[in-house]
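A.B. asks: My questions will all concern the structure given below.
Read-outs throughout are calculated quantities, based only on the coordinates presented, and are distinct from any laboratory measurement. Everything numeric in this text was worked out from a predicted model, so none of it was measured. Cβ placement follows ideal geometry from the backbone for every residue including glycine, while neighbour counts extend to all protein chains displayed.
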Amino acid sequence: MLDILRTLLVHDVARVLLLAVVAALFVLLTGRGWLRVLRYMNLLKRDRDDTIEQVRSYRQLTMGGIMIVVPVVIITVIFNLVDRWSMLLPLGVMVSYAALGLVDDYYSLTSVTSQNYGLTERVKGALQMLIAVVASAILYLPQPLGLAHAGVTWVPLLGFIDIGMYFVPIGAFIIWVTVNSVNITDGIDGLSGWTLLVAFAAYGVITFVNGQFTNLMALSFTLVGACAGYLWFNSYPAPVIMGDLGSMALGGVLAMIALQSQQWILLPIIGAVFVVEGLSSFVQVAYFKWSRWRTGTPVRLFAMAPLHHHLRLRGWSNPQITQRFVVVAMACAFVAVAFALQP
Amino acid sequence: MQDTLRALLVQDMSRALLLAAGAFVVTLIFGYFLLPMLRQHKIAKRIRVDGPESHLVKMGTLTMGGVMIIVPVILLTIAFNLVDRWSMLLPLATMVLYGILGAVDDYLSLEKSAKEQYGFTEGVKLTFQILLALLISLVLYLPQPYGLAHSGLVRIPFVGSYDIGFWFFPVAAFIIVATSNAVNITDGLDGLAGWNLAIAFGAYGVIAFLNGEFTNLMTLSFTLVGACVAFLWYNAHPAQVFMGDLGSMALGAVLAVIALQSQQWLLLPIIGIVFVGETLSSASQKAYFKLTRRLTGTPKRLFRMAPLHHHFELTGWSETQITQRFVMITMIASLLGISLALTFDQPQLVQQEVVPTQAVSQSVQE
């Protein structure tokens, strides 16, 4: 009996893993072409004056996320859409955040002379929130309008409970936070690509074990393969970074996978690196303002926020930061998956 | 019904993953105390003068970091994975024996050692490796009181299980020696061997999990993954410590033994594709060099420098780029290897699906 279940499960796994291989090869084969396009369009990133990015002897191309987003959309539409229309939602979220990130990236190019390095925080935040609210509303609404995902969530040791209406604001908040944290994490060669790969793989395993969401498992592993292909080009010293386009789109789709699989409670563990990076940035700004208001002289907690810049100033090399963060992300993913497996 | 089955299936997985996380933490803490100890005893490697010039900065990097992986794995396996699973003694013994061989090799190549040498001569090393491998594969093959009675079964993709009988003995010995040496050759860049080993162990962990018969192997594999991953914390470029021959030979041998015990060793060349590529590049370079010298008098090289990672280094890839790209290749190959492993079950599916449905329908009628 156990064997039948295993073979049934295993059949999907084989298909899904092959999907990951296809995605990786797709990105590897098209990546060089995208690089040429980016270079031709002169999409060079303008470094902020206030960071230590100037140590680079060259300028990086940005918007490299396009080489992940396009193959994932194409592969999902071909292999993973029919009878699984719920996949349209994560794809829609990914594409709309990618579009927002594209605009944001555009203003940060060397060829564009604007005062700011992207959209102003306020406009960006509002648009992000809008997409997040719409996405979580669609998740919550009943069948003809949405996915009828009626607020069911998995809680460790308790099992599945229904949180009802509260799902919408919580869902929107999770999407918004994830998008921004991944965006903040994307500051060092390979860091966001690696940690996203680990997170998608973890959700792939979780959805496999859960068993109801084969489509989400397929999407997760497609993203794993695509991230692996992208990391070929994003290895230090990298000629291209994923940019806001990639980080926001992939952060959005990660949050959507977590919400749809009903296991979003585990997202802070699986994305521990994103959480820490986001928190370090937030705490730095908050403490700076608080101390200025309190004593008049602003004080910094970290030498520079987010955390990876702080560690770089502390003498860690670029690959060291990436590798150590990735290793921690992996250990956290082990713990999270083990949690999810508890009956 | 399905839920209880699933629960049974995943119970072991949960334990294995927690053990991986445990191994990660233990190794990280152990490494923190090990590094000052290594530094104090001046366990630093003599770097080959004929390697790439960029590697001369590695002069004085600590070596024998493999201890950091091996000791926690042994302790955790004895504590959590040994009772009722005595077959785990074999991989542990393999790891220890090859670890000792590697340690002697490492010791002879230290900066402080008197003689100007880089370890054993090739011949001596190979003889010891082969002797150990023969012993291990004998234990694998022999019937119950002497060995594990692993009677030469091998799983072939799309075909199913097949018994190769006595031939298992030499084949297994060859695989152990080859893997141990291949990992040793691969261990030439910061993080390269560690990452590839972590992924290979992870792949075998997943294969053992999906196979279902080898929960103990799954647990061991994931323990090794956790330990390798923690080692990578200290091995990140620029590395504070290398795993040394101690680590690479021990872990290579244990990888081979896990592959043999899981009966899926045909997939080892796919999952360890980087190890294979590195070894082949090294061997073909040597062979081509000798051949052209004999034929034309002027020796020629196939690669600018063997093994493969040095070749890419000389063509302008950075060290991190080579590591990361090789790791990506291993990752994709492993996904392919796992999905190949899953094809084994297909023929059995048809037969087994019929029987229980009848049983269920009978019980319903009653």
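A.B. asks: Relative to 2.2 N^0.38 Å, what does the C-alpha radius of gyration of region A:225-343 come to as a ratio? Two decimals please.
C.D. replies: 1.26
A.B. asks: Which value, in debye to the nearest 20, describes the size of the charge dipole of chain A about its Cα centre when Lys and Arg Cβ atoms bear +1, Asp and Glu Cβ atoms bear -1, and nothing else is charged?
C.D. replies: Value, rounded to 20: 740 debye.
A.B. asks: Hey, another quick one. What do you get for the angle between helix B:273-296 and the principal long axis of chain B? Use alpha-carbon atoms, 0 to 90 degrees, nearest ten.
C.D. replies: Tilt relative to chain B: about 50 degrees.
A.B. asks: Now for a different question. Could you list A:309, B:311 so that the one with the fewest beta carbons within 10 Å of its beta carbon is first and the one with the most is last? Mind dumping the intermediate values first?
C.D. replies: Numbers: A:309 22, B:311 19.
Going from least to most buried by this count: B:311, A:309.
A.B. asks: Counting each DSSP H run of 4 or more residues in chain B as -39500 (n - 2.57), what helix-only mean residue ellipticity at 222 nm follows after dividing by all residues, to the nearest 500 deg cm²/dmol? Spell out each step's value before the answer.
C.D. replies: Details: 13 runs with 249 residues, N = 366.
Mean residue ellipticity, 222 nm, calculated: -23500 deg cm²/dmol.
A.B. asks: Sticking with this one: Determine, for B:12, B:106, the number of other Cβ atoms within 10 Å of each Cβ, and report the residues in order from fewest to most. Before the final figure, lay out each step's value.
C.D. replies: Working: B:12 17, B:106 26.
So the ranking, lowest neighbour count to highest, is B:12, B:106.
A.B. asks: Any idea which of B:109, B:80, B:130 is furthest toward the positive side of the dipole for chain B, if Lys and Arg beta-carbons carry +1 and Asp and Glu beta-carbons -1?
C.D. replies: Projecting each Cα onto the dipole axis, the largest value belongs to B:109.
A.B. asks: By count of other Cβ within 10 Å, fewest leading, how are A:34, A:290, A:85 ordered?
C.D. replies: A:85, A:290, A:34
A.B. asks: Taking the dipole about the Cα centre of region B:14-349, with the C-beta of Lys and Arg at +1 and of Asp and Glu at -1, give me whichever of B:97, B:287, B:34 is farthest to the positive side.
C.D. replies: So the residue we want is B:287.
A.B. asks: 5 Å is the cut-off here: which amide hydrogens, built 1.01 Å from N in the peptide plane, fall below it relative to residue A:187, excluding neighbours closer than 5 in sequence?
C.D. replies: Hits under the 5 Å cutoff: A:192.
A.B. asks: For chain A, what is the calculated [θ] at 222 nm in deg cm²/dmol (nearest 500), taking -39500 (n - 2.57) for each run of four or more DSSP H residues and dividing by its residue count?
C.D. replies: Helices in chain A give a 222 nm mean residue ellipticity of -22500 deg cm²/dmol.
A.B. asks: For chain B, the longest stretch holding no chymotrypsin sites (Phe, Trp or Tyr not before Pro) located in a DSSP loop with at most 12 other Cβ atoms within 10 Å is which? Could you put the intermediate results ahead of the total?
C.D. replies: Working: sites that count: B:146, B:158.
Free of exposed loop sites, the longest segment is B:159-366.
A.B. asks: Related question: Per Stokes-Einstein, at 10 °C and 1.306 mPa s, what whole-number D in µm² s⁻¹ belongs to the protein assembly as shown, with the Kirkwood radius over Cα pairs as the hydrodynamic radius? Please report the intermediate quantities before stating the final value.
C.D. replies: Working: Rh = 26.7 Å.
The calculation lands on 59 µm²/s.
A.B. asks: Right, another one. Using a basic spin-label model with each label point 7 Å from the Cα along Cα→Cβ, how many nm lie between residue B:144 and residue B:213?
C.D. replies: Distance between the two pseudo-spin positions: 1.6 nm.
A.B. asks: Another one. Express in nm, to one decimal, how much length is gained between residue B:295 and residue B:130 on full extension, taking 0.36 nm for each residue of separation and deducting their alpha carbon distance.
C.D. replies: Result: 56.2 nm gained on full extension.
A.B. asks: List the trypsin sites (Lys or Arg not before Pro) within region B:252-306 that fall in a DSSP loop (any state other than H, G, I, E or B) and whose Cβ has at most 13 other Cβ atoms within 10 Å.
C.D. replies: Taking region B:252-306 and a limit of 13 other Cβ atoms within 10 Å, the loop trypsin sites (Lys or Arg not before Pro) found are B:300, B:301, B:304.
A.B. asks: A follow-up question, please. Round to the nearest 0.05 the FRET efficiency obtained for residue A:283 and residue A:137 when R0 = 25 Å and r is the Cβ-Cβ distance.
C.D. replies: With a Förster radius of 25 Å, E is 0.20.
A.B. asks: Separate question: Enter the mean projected area of the convex hull around the alpha-carbon atoms of region B:14-349, in nm², rounded to one decimal.
C.D. replies: Numbers: hull surface 71.9 nm².
Averaged projected area of region B:14-349's Cα convex hull equals 18.0 nm².
A.B. asks: Determine ³J(HN,Hα), in whole Hz, for all residues of region B:307-312 in sequence, where each value follows from phi through the Karplus function 6.51 cos²θ - 1.76 cosθ + 1.60 and θ = phi - 60°; x replaces Gly and Pro.
C.D. replies: x, 3, 5, 5, 4, 5
A.B. asks: Please get the size of the charge dipole for region B:14-349, origin at its Cα centre, with Cβ charges of +1 on Lys and Arg and -1 on Asp and Glu, quoted in debye to the nearest 20.
C.D. replies: Roughly 740 debye for region B:14-349.
A.B. asks: Which angle between 0 and 90 degrees, to the nearest 10, do you get for helix B:192-211 versus the longest principal axis of chain B when only C-alpha atoms count?
C.D. replies: 10
A.B. asks: Also: Using only Cα atoms, figure out Rg for region A:2-263 and give it as a multiple of 2.2 N^0.38 Å.
C.D. replies: Against the compact-globule rule of thumb, the ratio is 1.03.
A.B. asks: Charges only on Cβ, +1 for Lys and Arg, -1 for Asp and Glu: so what's the dipole of the protein assembly as shown about the Cα centre, in debye to the nearest 20?
C.D. replies: 1940
A.B. asks: What is the distance, in nm, between label points placed 7 Å from the Cα along the Cα-to-Cβ direction at residue A:292 and at residue B:86?
C.D. replies: For residue A:292 paired with residue B:86, the spin-label model returns 7.1 nm.
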